[in-house]
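Step one of this worksheet: look at the structure below.
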Amino acid sequence: MAKYKKTRKRFDEINVIPFIDIMLVLLVMVLTTATFIKQGVIPVDLPEAKTSEKEELKKEVTVYVNANGQMFLEKEKVGLEVLEKKLSQISRTQTVILRSDKESKFQDFVSVMDILKRLGHEQLYIVTKE
């Protein structure tokens with residue numbers, strides 16, 4: 001009968017090289033993203049042109065319909081005809097936000113939607129509560 005001798009290998013040291021590699025990768029990632037966050041955007045030095053025009057920032061237009069069926073464009077009270085006239089003067093790509101009271105008549109909501117569809121507005125948001 002052969003005797004087998006059990007040998008135990010003793011671990012006196014921990015191999016830290018994989019740990020250091022992972023920490024260096026994480027450090028590089030943190031430093032890279034931290035510079036972008038600090039500045040907000042990636043810095044770009046834009047070229048200059050003499051014949052360029054400044055484009056106005058597109059502001060959203062809000063249409064309100066209250067519980068009494070009154071309509072407002074921004075804070076100005078308007079009727080359906082005036083609303084259609086004023087909405088026809090803004091760009092079709094400009095964002096229109098519709099805020100309709102839950103107690104208002106569905107017909108008022110449909111009338112505003114009909115105007116927006118007839119004018120061909122592309123950006124429409126309907127605001128609701130969660």
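So here's what we get for this one:
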quantity	calculated
Residues (in a helix (DSSP H, G or I) and modelled with pLDDT under 85) located in region 109-130	109
Contacts under 6 angstrom Cβ, first residue in region 89-101 being free of Cβ contacts under 8 Å to residues at least 60 places away in the same chain, partner of a type in the set (Lys, Arg), 6 or more apart	94/58
Residue tally, condition surrounded by 14 or more Cβ atoms within 10 Å (Cβ to Cβ), under 26 Å from the mean Cα position of the chain (by Cα) and either more than 17 Å from residue 59 (Cβ to Cβ) or not charged (D, E, K, R) (or both), over region 69-118	15
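The values are calculated or read from the model by the stated rules, or taken from the named source; none is laboratory data. Treat the numbers as computed from the prediction; the structure is a model and nothing was measured. Please note: Cβ atoms are built from the backbone with ideal geometry, for glycine as well, and neighbour counts cover all protein chains shown.
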